[in-house]
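**Student:** I am attaching a structure below and will ask some questions about it afterwards.
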Amino acid sequence: MKENCKVTGMKPSQQKKWPLFHSFLIDDLVINPVNVSSDKLSKDIMQFCSHQETSDDIQERKRGIINHLKKRFNRKFHGSKLTAFGSSESGLGLKNGDIDLCLEFNGEKPKKVLTKIARMLREDGMEDVTLIAHAKVPIVKFIDSRTKIPIDISINNSLAIHNTKLLKLYNQCDIRVRPFVLAIKHWALHRGICNAAYGTFSSYAWTLIALQSLQTCNPPILPNIQQGEDRILEVVEGATYDLTMNENPNNLLESENISSIGDLIINFFEQFAVNSPWNENVISIRSGKMITRKEKNWDEEKPQLMDALTNENELRLGKHSLPVEDPFDHLHDLSRVLRTEGVMDIQEEFLRAHKIISEGGSWAELTKTKFPELVNESPNTDLFEDLRDIPKQKVINKLKILQDELDVVESKIKVRKSERNNAIEMSKAIRKNSELKNEEVKLGNSLKPRRDKIEKLKKERDSVNNHYIPIHWIEDELQKVFYRLTEDVDQMTAPSIKKEKDLFSWFFELQSMHQHSKRTRELHREFIKLLNEQNDTLDELKIVKTNTNSSFGNYENFDDLAHKLLIELNSIHNEKRTLRREIGRLEAWLRICDRKKRDKKSRNNVKGKNKKSFSRNSVNIEDVKSRASSGESISLSDLGALLNSGGLSSIQSGVKGKTQKKKKKKMSTNISPARGNRGRSKKNY
Ligand code: CTP
Ligand code: MG
């Protein structure tokens with residue numbers, strides 16, 4: 001069994017994983033100078049580049065997406081500005097490169113804005129929407145559902161807009177810049193060393209490395225665009241940066257370098273595989289050449305590569321392993337994202353590339369895809385691209401499945417909607433219930449003071465006349481006594497003095513009784529009124545009590561439920577939208593298939609002898625003409641037949657006389673597209 005390497009400490013599995021770099025480290029690798037012709041390499045790279053041109057179709061779609069998002073963001077974030085940057089703007093992008101967008105907006109905190117953007121994009125049905133909140137520059141990544149173009153959105157990433165401009169200016173300096181940078185990016189991407197999230201260099205870092213190579217080749221191809229006496233300092237996001245860029249870089253250097261792309265690529269791999277520039281230097285395009293680690297004060301920090309690799313505790317690699325300085329943010333080393341394994345992979349790939357080239361290997365071998373899953377498929381150039389090679393029946397089956405899924409989703413929506421309506425109703429009922437409860441308390445509260453008042457009245461009434469005599473009796477009696485006292489009397493019937501006195505005193509007593517009784521009656525009436533009021537209140541209370549049901553629980557629970565159901569509904573609606581879109585797409589594709597089939601059939605029929613029978617069977621042309629001339633509606637196939645038989649101009653004549661009919665017939669012979677030279681059989685001449 002193999003042992004750990006005594007020189008490097010690498011385990012056998014590590015030696016196997018990075019064989020070339022391991023041999024290089026133990027000084028066991030024979031590195032031959034490249035003596036092969038670069039012609040084939042140049043030809044292959046130029047051919048590869050010719051396939052990297054973004055078609056007008058994709059360009060159009062990219063513009064469409066950006067314009068759509070601009071409008072969308074404008075509405076949501078007033079005063080914001082959306083700017084495209086990155087390779088799609090600098091011109092240094094591969095065909096399958098992403099779109100990088102920067103939203104300049106100061107209304108809210110960037111992470112909050114990104115969270116809102118992510119939600120909005122999900123609602124819009126975009127795919128794989130991911131919020132990367134903890135990166136140096138937080139972004140939302142997603143894939144446009146229609147074109148499959150990946151898109152990154154960052155907030156106030158203004159420095160990137162400036163460095164994109166710089167890269168664009170470099171691209172304009174020399175015709176070889178674009179193919180060279182694309183070749184390096186393509187190689188890195190397909191060899192699995194172009195992914196900052198996986199611990200290797202970002203695409204941007206590879207671009208800077210490639211540009212530095214063109215600045216340092218002999219003679220140099222690229223100048224240093226950031227040189228110049230007059231410096232432009234600008235504050236970007238609170239920090240001052242030197243943004244000096246020469247707007248006319250072509251004036252800076254007249255390159256005497258006539259190397260081909262193949263030569264430049266060979267030079268690149270010799271430079272990085274053989275010379276190990278990172279041992280002593282830092283990539284620095286703003287200096288126009290590499291600068292020493294010492295000068296930059298970027299020594300390789302501990303743990304260094306081999307220590308990190310062989311340590312059992314899987315230490316995180318120290319800073320400045322393969323330093324690349326950002327052209328504007330000079331404190332930013334783009335190698336800070338590198339992980340131990342990433343650096344090992346990068347070194348191994350440099351050596352592999354050099355070996356393949358020196359052995360005369362092909363461009364295809366050099367860039368053979370290592371991890372297919374890390375390489376983006378090209379964006380769909382056509383809405384039906386994925387359907388073209390699928391049998392029609394399979395599309396029909398897929399459509400059926402989707403329609404079934406749509407049915408399920410629609411019934412889910414129906415159920416959720418009714419659940420939500422119920423929850424809302426319940427919440428309303430409970431709110432009403434609590435209103436009723438308040439009413440009950442209010443009514444209950446009014447009972448007690450009234451009861452006191454009733455008691456008081458009763459007492460008063462009774463104290464006024466404990467032996468309550470009905471007032472009408474007193475009044476009758478008063479009347480009688482008064483009559484007795486005032487009636488005409490004669491000697492015989494006149495009452496005695498005593499009797500008369502009694503009558504008088506009775507009369508006065510009755511009068512006093514009447515007064516008391518009147519007061520008692522008033523008090524009594526008031527008493528009855530209050531009593532009635534009290535009874536009414538008790539009745540009302542009884543009704544309120546029967547309407548109040550305390551077993552419903554808290555209305556807030558139902559509000560929460562309604563809210564949760566709304567969120568669920570939103571996501572099901574998204575599902576529905578996606579399904580509908582896909583169903584629409586499949587249906588459109590099937591229509592296209594049918595139309596193609598129909599067209600083919602009709603072409604065959606027209607070509608063949610049975611043209612007459614076809615036109616007779618499918619459309620009655622006289623009928624079509626009469627309908628068209630009378631202004632009735634005609635179908636597409638009617639219109640096709642009409643055009644084949646002389647077009648609209650034939651209608652007038654068609655309905656008139658026989659002679660004109662004949663003329664029209666002749667005309668139709670000339671106009672019919674099927675009667676061209678190709679379609680004309682010799683027999684017809
Ligand atoms: N950028 C940056 N700092 C980084 C990474 C990226 O300033 N560490 C900026 C650069 O302006 C870069 C842009 O973000 O051009 C987009 O980054 P990326 O998509 O990685 O690079 P592209 O140049 O767009 O390459 P690709 O074609 O692979 O998309
Ligand atoms: Mg990009």
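**Student:** Hey, among ARG231, ARG176, which residue is touching a residue at least 24 places away in the same chain (Cβ under 8 Å), away from ligand 2 (no atom under 15 Å from the Cβ) and charged (D, E, K, R)? Break it down into steps so the answer makes sense when it comes.
**Tutor:** On the way: ARG231 fails: touching a residue at least 24 places away in the same chain (Cβ under 8 Å).
On inspection, the qualifying residue turns out to be ARG176.
**Student:** Against the definition (modelled with pLDDT under 95, out of contact with any strand residue (DSSP E or B) (no Cβ under 9 Å at 6 or more places or on another chain), within 12 Å of ligand 1 (Cβ to nearest atom) and open to solvent by 20 Å² or more (accessible area, probe 1.4 Å)), how does LYS71 come out, yes or no?
**Tutor:** Details: modelled with pLDDT under 95: yes; out of contact with any strand residue (DSSP E or B) (no Cβ under 9 Å at 6 or more places or on another chain): yes; within 12 Å of ligand 1 (Cβ to nearest atom): no; open to solvent by 20 Å² or more (accessible area, probe 1.4 Å): yes.
Judged against the criteria, LYS71 is not a match.
**Student:** So for the range 492-507 (the condition being touching a residue at least 60 places away in the same chain (Cβ under 8 Å), open to solvent by less than 90 Å² (accessible area, probe 1.4 Å) and part of a helix (DSSP H, G or I)), does at least one residue qualify?
**Tutor:** Taking every residue of the range 492-507 in turn, none turns out to be touching a residue at least 60 places away in the same chain (Cβ under 8 Å), open to solvent by less than 90 Å² (accessible area, probe 1.4 Å) and part of a helix (DSSP H, G or I).
**Student:** Here's another thing I want to ask about it. Can we say ALA308 is in contact (Cβ under 8 Å) with a residue 12 or more places away in the chain, more than 26 Å from THR369 (Cα to Cα) and open to solvent by less than 60 Å² (accessible area, probe 1.4 Å)? Walk me through it before giving the result.
**Tutor:** Numbers: in contact (Cβ under 8 Å) with a residue 12 or more places away in the chain: yes; more than 26 Å from THR369 (Cα to Cα): yes; open to solvent by less than 60 Å² (accessible area, probe 1.4 Å): yes.
It is true that ALA308 is in contact (Cβ under 8 Å) with a residue 12 or more places away in the chain, more than 26 Å from THR369 (Cα to Cα) and open to solvent by less than 60 Å² (accessible area, probe 1.4 Å).
**Student:** Only one of these is within 16 Å of ligand 2 (Cβ to nearest atom) and of a type outside the set (Ser, Thr, Tyr): LEU94, LEU114. Name it.
**Tutor:** Details: LEU114 fails: within 16 Å of ligand 2 (Cβ to nearest atom).
After ruling out the rest, the residue left standing is LEU94.
**Student:** Right, another one. Hey, any hits in the range 31-46 for a residue that's closer than 30 Å to THR340 by Cα and not hydrophobic (A, V, I, L, M, F, W, C)?
**Tutor:** Filtering the range 31-46 down to residues closer than 30 Å to THR340 by Cα leaves 31-34.
In the following step, the residues that additionally are not hydrophobic (A, V, I, L, M, F, W, C) were identified as 32-33.
Yes.
**Student:** Can you tell me how many residues in the range 124-139 are more than 15 Å from ligand 2 (Cβ to nearest atom), in a strand (DSSP E or B) and touching a Ser or Thr at 6+ places or on another chain (Cβ under 7 Å)? First the steps, then the outcome.
**Tutor:** In the first step, residues of the range 124-139 are kept if they are more than 15 Å from ligand 2 (Cβ to nearest atom); the result is 124-131, 133-134, 136, 138.
This time we only want the ones that are in a strand (DSSP E or B), so: 127-131.
If we keep only those that are touching a Ser or Thr at 6+ places or on another chain (Cβ under 7 Å) too, we end up with 127, 131.
Looking only at that region, the number is 2.
**Student:** From ASN171, ASN157, which residue is in contact (Cβ under 8 Å) with a residue 60 or more places away in the chain and farther than 19 Å from ARG336 by Cα?
**Tutor:** Just one listed residue meets the conditions, ASN171.
**Student:** Would you check if LYS453 is at pLDDT 85 or above and open to solvent by 90 Å² or more (accessible area, probe 1.4 Å)?
**Tutor:** So LYS453 passes the test.
**Student:** Right, something else. Sort out which residues of the range 93-138 are within 16 Å of ligand 1 (Cβ to nearest atom), open to solvent by less than 30 Å² (accessible area, probe 1.4 Å), out of contact with any His (no Cβ under 7 Å at 6 or more places or on another chain) and hydrophobic (A, V, I, L, M, F, W, C), and write them in order of number.
**Tutor:** Scanning the range 93-138 gives ILE99, LEU101, CYS102, LEU103, LEU114.
**Student:** Same structure, new question: Tally the residues that are farther than 30 Å from GLY361 by Cα, away from ligand 1 (no atom under 15 Å from the Cβ) and surrounded by 18 or more Cβ atoms within 10 Å (Cβ to Cβ), restricting the search to the range 39-64.
**Tutor:** 1
**Student:** Restricting to the range 236-282, what's the tally of residues that are touching a strand residue (DSSP E or B) at 6+ places or on another chain (Cβ under 8 Å) and hydrophobic (A, V, I, L, M, F, W, C)?
**Tutor:** Within the range 236-282, residues that are touching a strand residue (DSSP E or B) at 6+ places or on another chain (Cβ under 8 Å) and hydrophobic (A, V, I, L, M, F, W, C) number 2.
**Student:** Need at least 3 residues that are of a type in the set (Asp, Glu) per element, so show me which helices (runs of 4 or more DSSP H) inside the range 1-101 make the cut, counting only ones lying wholly within it.
**Tutor:** Details: elements: 12-17, 19-25, 39-50, 56-76, 87-90.
In the range 1-101, the matching helices (runs of 4 or more DSSP H) lie at 56-76.
**Student:** Mind checking whether some residue in the range 78-89 is open to solvent by 30 Å² or more (accessible area, probe 1.4 Å), within 12 Å of ligand 2 (Cβ to nearest atom) and touching a Lys or Arg at 6+ places or on another chain (Cβ under 7 Å)?
**Tutor:** Yes, because at least one residue in the range 78-89 is open to solvent by 30 Å² or more (accessible area, probe 1.4 Å), within 12 Å of ligand 2 (Cβ to nearest atom) and touching a Lys or Arg at 6+ places or on another chain (Cβ under 7 Å).
**Student:** If a residue has to be open to solvent by 20 Å² or more (accessible area, probe 1.4 Å) and either more than 14 Å from GLY199 (Cβ to Cβ) or within 16 Å of ligand 2 (Cβ to nearest atom) (or both) to count, how many in the range 321-345 make the cut?
**Tutor:** 5
**Student:** What number of residues within the range 508-541 are buried (at least 16 other Cβ atoms within 10 Å of the Cβ) and of a type in the set (A, V, I, L, M, F, W, C)?
**Tutor:** Residues meeting the conditions: 6.
**Student:** Answer yes or no as to whether ASP144 is open to solvent by less than 60 Å² (accessible area, probe 1.4 Å) and within 16 Å of ligand 2 (Cβ to nearest atom). Please lay out each step first, then the result.
**Tutor:** On the way: open to solvent by less than 60 Å² (accessible area, probe 1.4 Å): yes; within 16 Å of ligand 2 (Cβ to nearest atom): yes.
When the stated conditions are applied, ASP144 passes them.
**Student:** Among the helices (runs of 4 or more DSSP H) confined wholly to the range 187-302, which include 3 or more residues that are within 15 Å of ligand 1 (Cβ to nearest atom), under 38 Å from the mean Cα position of the chain (by Cα) and not aromatic (Phe, Trp, Tyr)? Break it down stepwise before answering.
**Tutor:** Numbers: elements: 203-216, 261-269, 293-296.
Result: 203-216.
**Student:** Checking HIS162 against (1) surrounded by fewer than 19 Cβ atoms within 10 Å (Cβ to Cβ); (2) at pLDDT 95 or above; (3) within 14 Å of ligand 2 (Cβ to nearest atom): exactly one of these is not met. Which one?
**Tutor:** Unmet for HIS162, out of (1) surrounded by fewer than 19 Cβ atoms within 10 Å (Cβ to Cβ); (2) at pLDDT 95 or above; (3) within 14 Å of ligand 2 (Cβ to nearest atom): (3).
**Student:** In the range 191-202, which residues are touching a Leu at 6+ places or on another chain (Cβ under 9 Å) and surrounded by fewer than 22 Cβ atoms within 10 Å (Cβ to Cβ)?
**Tutor:** Of everything in the range 191-202, those that are touching a Leu at 6+ places or on another chain (Cβ under 9 Å) and surrounded by fewer than 22 Cβ atoms within 10 Å (Cβ to Cβ) turn out to be GLY192, ASN195, ALA196, TYR198, GLY199, SER202.
**Student:** Does ASP124 satisfy the criteria of being within 11 Å of the chain's Cα centre (by Cα) and among the acidic types (Asp, Glu)?
**Tutor:** On the way: within 11 Å of the chain's Cα centre (by Cα): yes; among the acidic types (Asp, Glu): yes.
It is true that ASP124 is within 11 Å of the chain's Cα centre (by Cα) and among the acidic types (Asp, Glu).
**Student:** Looking at the range 318-329, I want the residues that are outside any loop (DSSP other than H, G, I, E, B) and have a partner that is of a type in the set (Gly, Ala, Ser) and open to solvent by less than 10 Å² (accessible area, probe 1.4 Å) with Cβ atoms under 6 Å, at least 6 apart or on another chain. Which pairs are those?
**Tutor:** Filtered contacts from the range 318-329: VAL324/ALA205; VAL324/SER335; GLU325/SER284.
**Student:** Looking for whichever is at pLDDT 95 or above and surrounded by fewer than 15 Cβ atoms within 10 Å (Cβ to Cβ) here; the options are ILE265, ILE232. Which one fits? Can you show your working first?
**Tutor:** On the way: ILE265 fails: surrounded by fewer than 15 Cβ atoms within 10 Å (Cβ to Cβ).
Only one candidate qualifies: ILE232.
**Student:** Out of curiosity, is PHE558 open to solvent by 30 Å² or more (accessible area, probe 1.4 Å), part of a helix (DSSP H, G or I), aromatic (Phe, Trp, Tyr) and touching a residue at least 12 places away in the same chain (Cβ under 8 Å)?
**Tutor:** Values: open to solvent by 30 Å² or more (accessible area, probe 1.4 Å): yes; part of a helix (DSSP H, G or I): yes; aromatic (Phe, Trp, Tyr): yes; touching a residue at least 12 places away in the same chain (Cβ under 8 Å): yes.
Criteria met by PHE558.
**Student:** Consider PRO150 carefully, then state whether it is at pLDDT below 95 and not charged (D, E, K, R). Step through it out loud before you land on a result.
**Tutor:** Working: at pLDDT below 95: yes; not charged (D, E, K, R): yes.
Criteria met by PRO150.
The values are calculated or read from the model by the stated rules, or taken from the named source; none is laboratory data. Every value quoted in this text rests on a predicted model; they were computed, and no experiment measured them. Reconstructed Cβ throughout: ideal geometry from the backbone, glycine too, with neighbour counts over all protein chains shown. Keep in mind that these areas ignore ligands, DNA and RNA; they rest on the heavy atoms of the full protein, side chains included. Shrake-Rupley method; radii C 1.70, N 1.55, O 1.52, S 1.80 Å.
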